[in-house]
Amino acid sequence: MEPRTDPCPFCALLGSAGMVAEHKTVFAVFDIAPFTPGHLLVITKRHTNNYLTMTPEERTDAGELLKELSEKTVGSDPTVLGFNVGSNCGEAAGQSVMHAHIHLVPRRRGDRPRWGRARGSRSESRPVVS
């Protein structure tokens, strides 16, 4: 566990009534600022900074919960035709809560979710690996 100097809003959700599902090392809640209706977050129970610091077990558990939640979403809402699944790693990448979480964003025909943008422009970006 990484040291905390301030209260973590995601750590506070563990065990709360806001949890909609859990699987071993992860749990899910609805996003409080959803891109689209039904936008969920899969969050590690252990406090760790982002997807890149998750353990292999946490990544596996998150993948299993994402699959379960996507199937339940499609089963209960026939307007959902696909999903965006993603994680921002670090403030520069748009991460606003420094606790590992993965977004599951339902997509419907014609929707136009409002996506956040990282600082900098496309022309300023450089590949890290080729």
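The values are calculated or read from the model by the stated rules, or taken from the named source; none is laboratory data. What you see is a predicted model, and the numbers here were worked out from it, not measured in a lab. Because the Cβ atoms are built from the backbone with ideal geometry, glycine has one as well, and the counts that use them run over all protein chains shown.
Side notes on the structure shown:
- Which numbered condition residue 60 fails, given (1) in contact with a Ser or Thr (Cβ under 8 Å, 6 or more places away or on another chain); (2) outside any loop (DSSP other than H, G, I, E, B): (1)
- Restricted to segment 68-116, and to residues there that are within 27 Å of residue 53 (Cα to Cα) and β-branched (Val, Ile, Thr), the residue that is surrounded by the most Cβ atoms within 10 Å (Cβ to Cβ) is 102.
- Flag for residue 107 being more than 13 Å from the chain's Cα centre (by Cα) and outside any loop (DSSP other than H, G, I, E, B): yes
- Exclusive hit being within 14 Å of the chain's Cα centre (by Cα) and modelled with pLDDT of 95 or more, set 87, 76: 87
- Of the candidates 34, 56, the single residue that is farther than 13 Å from residue 101 by Cα and modelled with pLDDT under 95 is 34.
- Of the residues making up segment 67-83, those that are among the hydroxyl-bearing types (Ser, Thr, Tyr) and either under 15 Å from residue 30 (Cα atoms) or in contact with a helix residue (DSSP H, G or I) (Cβ under 9 Å, 6 or more places away or on another chain) (or both) are 70, 73.
- Residues satisfying the stated conditions in segment 28-40, i.e. touching a residue at least 24 places away in the same chain (Cβ under 8 Å) and buried (at least 17 other Cβ atoms within 10 Å of the Cβ): 28, 35, 36, 38, 39, 40
- Among (1) under 14 Å from the mean Cα position of the chain (by Cα); (2) not in a helix (DSSP H, G or I) - the single one residue 70 does not satisfy: (2)
- Tabulated pairs, segment 54-66, first more than 11 Å from residue 27 (Cα to Cα), second in a helix (DSSP H, G or I) and not polar (S, T, N, Q), C-beta under 8 angstrom, 6+ apart or interchain: 54/62; 59/51
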